[in-house]
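What follows is a single structure, written as C-alpha cells, with notes after it.
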Amino acid sequence: MIYTVSILLSLVGYFIIGNLAGRRVQHLDDYLVAGRNAPTFLILGTLVASYLSTSAFLGETGFAYQGYPFVMLIFAALSTSGCLLGALVFGRYLRRSKALTVPEYFGKRFNSRQVQRIAGLTTVIGLGAYLLGVMQGAGIMFQELTGLPYWVGLVLVWLTYTGFILYSGSPGVMLTDTIMFVIFSLAALGGSLYIIHDLGGWPGAVSGLLDQTDKPGIALWHGVLEGEGSTFSSPGEALIWGVTLGLVWAAVLAASPWQSSRYLMARNEHVVMRSAMLTAVALAVFYALMMMTGAALNLYNPDLEGERAMIWAAMNVLPPWLGIVIITGVFAAGLSSCSTFLSIIGFSISNDILPASSSDAAAMRASRLAILGAGLIALILALFQPPAVMAVVWFAATLFASSWGPVALMSVWSKTITAAAAGWGLIVGFVGNLILSLMIQAEWLELPVYLHPVLISTIAALIAIVIVSRLTRVSEEERRYREFLHHDDTHGLPSWANGSRLVALCTMLSGIGVGVFLWRQYADTLASLASRYDIASVDVTGAYVLAVGCGGMLFMAGAVGFWVVRRHKSDQPG
C-alpha cells in the first residue's frame with residue numbers, strides 16, 4: 001500500500017509542477033524551446049532523464065542481472081562518450097541555427113521543406129516506438145507495485161505527462177525532467193550503496209558471484225558463456241557486442257532527436273558543452289554502480305525475471321524508506337522519458353510535417369492537438385502490444401543512429417552533401433534498419449554479432465549520400481548556410497570559458513576516479529581471488545583493461561572538451 005501511495009503522490013506532484021512551469025509560456029519559442037534560456041543544470045537534468053528511462057533501470061540492469069554487468073560497462077564506456085562528442089561536432093552548431101526542432105534545422109541547412117518533413121516523419125515513427133517501450137515499462141512497474149491491472153497504470157501515467165505537456169510544453173518537460181533526474185540519481189546511488197554494502201562491499205559481492213553456480217562467469221568481464229540462457233558463446237563475441245552497441249549508442253546520444261533537441265533550449269554554446277560533459281560523468285557513475293548492483297541481486301534471488309529484478313529488490317531487500325525512493329526514482333525515469341518523447345513527437349508533427357501555421361497562437365494550438373493525438377495512439381498501442389521494454393527501446397533508438405547520424409554530422413562537416421542526398425540518407429538509413437531488424441525479429445534472417453542491422457544500414461545510408469551527392473549539386477543557399485554555422489561573430493566573456501574549462505577538468509578527474517575505483521574494487525579483488533577460483537590470467541587482465549578503458553574514455557572526453565573550450569571563441573550567449 002505504501003508503494004501505491006508514493007507512486008500516486010509522485011504523479012500528482014509532477015502534474016502540478018509541470019503545469020506551474022507553463023505560466024511563463026507566452027510565445028511559440030517558450031513552448032517549443034523554453035525561450036532558449038536554460039542554464040546548465042536544467043539541460044543536464046533533461047539530458048540524463050531523457051536517456052535513463054525504464055529501459056536503463058529495468059532492461060539494462062536486468063541484462064546485468066542475467067549475467068552481463070561488465071559487458072554493459074564496456075557498452076557504457078563507449079556510448080557515454082557520444083554525449084560530449086555529439087555536443088562538440090553537432091550540438092553547438094545546432095544551437096547556432098536557432099531552429100525550433102531538429103528536423104527544422106535539417107530543413108534550414110538544406111533549404112528544403114521536403115528534407116524537414118522526412119526528418120519529421122522519422123522522428124514520429126522512431127520516437128513513437130520508443131515511447132511505446134517506455135510506457136510499457138511504467139505500466140509493468142505500476143502493476144508490480146500496486147497489484148492493480150496493467151492498463152490502469154498506463155492510463156494514469158499517460159494522463160499525468162500528457163496533462164502538463166499540453167499546457168506547458170518544453171518548460172514543463174525540462175523542469176520535471178530535472179526534478180526526476182535528482183530523484184532517480186539519489187535512488188540509484190542509495191540503492192546501490194546499500195545492496196553492495198549489505199553483501200560486504202565490492203569484494204564481498206565479487207566473491208559471492210564467483211561462489212554461486214546458477215550463472216557461472218557473471219563476475220568475469222565477459223559474463224555468462226555457458227548454459228541455455230547465455231547470450232554470448234565466447235569472450236570475443238561478448239566484446240564485439242559491447243563495442244558495436246557502444247558505438248551505435250554513441251551515435252544515438254550524439255544525434256538522436258531526444259538528446260540533440262535539448263541543446264536548442266540552452267542559454268549559449270558553453271551551456272551545451274558543459275551539460276554534455278556533466279551528462280557523460282553522470283552516466284558513467286550510474287552504469288558503474290547499477291550494473292554491479294544488478295548482478296549482485298543474484299545473491300538474494302537468482303530466479304527472477306531480469307526486467308523485474310530492481311523492483312523486487314526495492315520491495316524485498318531495501319528498507320521501506322529507501323525502497324520508496326528507488327520505486328519513485330525508477331518511475332520518474334520512465335515518466336520523464338515519456339514526457340520528452342511525446343513532446344518531441346507533437347512538436348515535429350505540428351512544426352515539421354503539417355503546413356506552417358499563420359501565427360504563434362495557431363502553431364501552439366496545432367502542437368497541443370498533435371501531442372494529444374499522438375499520445376492517444378501511443379496509449380492504445382501500449383495497451384494491446386505485449387511488453388518488451390529493452391527490446392523495443394533499443395530497436396527504436398538505433399533507427400536514429402543509422403539515419404540521423406550520417407546526415408547530422410555531414411550537415412556540419414561536409415561541403416558536398418546536397419539536399420537530395422540528405423533526404424535519401426535519412427530514408428535509406430531508417431528504412432534499411434527497420435526492415436533488417438523486423439526480419440531478425442521474425443527469424444527470417446540471422447546475422448553475426450559484428451553485423452548489427454544498424455551498421456549495415458549506416459553504411460547503406462553513407463553510400464546513398466555519396467552517390468546522390470555526386471548526381472546533384474549543392475545550391476548557393478546550402479553553401480551559405482553551412483558557412484553561417486561555422487561563423488561565430490559573438491563577443492567573448494572570459495568567465496564563460498573559464499567555467500567550461502573547469503567543468504572539463506572535473507570530467508577528466510571523474511574519469512581518473514572511475515578508473516581507479518574499478519581497478520581497486522573490481523580488478524584487484526578478482527586478481528586476489530584468482531587462485532582460489534581458478535580464474536584464468538586472461539580474465540584478470542581483462543578486468544584491469546576494463547577499468548582503464550572505462551575511466552580512460554571519460555578522461556579523454558574531458559580532455560577533448562578542454563581542448564575545444566580553449567579554442568572556442570564564442571563566450572557570449574548567441
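The values are calculated or read from the model by the stated rules, or taken from the named source; none is laboratory data. Remember, predicted model here, so these are calculated numbers, not experimental data. Neighbour counts run over all protein chains shown; Cβ positions are idealised from the backbone, glycine included.
A few remarks follow.
- Among the residues of the stretch 223-237, those identified as under 23 Å from residue 303 (Cβ atoms) and surrounded by 12 or more Cβ atoms within 10 Å (Cβ to Cβ) are 223, 224, 225, 230, 231, 232.
- Test: residue 130 is out of contact with any strand residue (DSSP E or B) (no Cβ under 7 Å at 6 or more places or on another chain), assigned to a helix (DSSP H, G or I) and closer than 25 Å to residue 476 by Cβ: no
- Residue within the stretch 390-397 that is under 24 Å from the mean Cα position of the chain (by Cα), at pLDDT below 85 and either assigned to a loop (DSSP other than H, G, I, E, B) or not aliphatic (A, V, I, L, M) (or both) present: yes
- Here is the figure for the stretch 242-295: residues that are in contact with a Phe, Trp or Tyr (Cβ under 8 Å, 6 or more places away or on another chain) and among the acidic types (Asp, Glu) total 0.
- Helices (runs of 4 or more DSSP H) fully within the stretch 1-102 that include at least 3 residues being of a type outside the set (Ser, Thr, Tyr) and under 29 Å from residue 302 (Cβ atoms): 61-66, 69-79.
- Remark: pairs (first residue in the stretch 525-548, assigned to a helix (DSSP H, G or I); second residue of a type in the set (Val, Ile, Thr) and surrounded by fewer than 16 Cβ atoms within 10 Å (Cβ to Cβ); Cβ separation under 9 Å; 6+ apart in sequence or on different chains) = 547/516.
- Residue match in the stretch 487-497 (condition: modelled with pLDDT of 90 or more, out of contact with any Phe, Trp or Tyr (no Cβ under 9 Å at 6 or more places or on another chain) and surrounded by 14 or more Cβ atoms within 10 Å (Cβ to Cβ)): no
- Number of residues in the stretch 272-302 that are touching a residue at least 60 places away in the same chain (Cβ under 8 Å) and farther than 11 Å from residue 195 by Cβ equals 20.
- Residue in the stretch 14-24 that is modelled with pLDDT under 85, within 14 Å of the chain's Cα centre (by Cα) and aliphatic (A, V, I, L, M) present: no
- Across the stretch 462-487, the number of residues qualifying as over 11 Å from residue 421 (Cβ atoms) and either without any contact (Cβ under 8 Å) to a residue 24 or more places away in the chain or not aliphatic (A, V, I, L, M) (or both) comes to 11.
- Residue under evaluation residue 372, criteria (1) of a type in the set (A, V, I, L, M, F, W, C); (2) surrounded by 19 or more Cβ atoms within 10 Å (Cβ to Cβ); (3) touching a residue at least 40 places away in the same chain (Cβ under 8 Å), criterion not met: (2)
Here is a yes/no grid of residues against (1) under 25 Å from residue 237 (Cα atoms); (2) at pLDDT 85 or above; (3) not in a helix (DSSP H, G or I):
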{"position": "427", "(1), (2), (3)": "no, yes, no"}
{"position": "435", "(1), (2), (3)": "yes, yes, no"}
{"position": "445", "(1), (2), (3)": "yes, no, yes"}
{"position": "466", "(1), (2), (3)": "no, yes, no"}
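- Here residue 277 meets the list (1) more than 17 Å from residue 448 (Cβ to Cβ); (2) at pLDDT below 85; (3) not basic (Lys, Arg) almost entirely, failing just condition (2).
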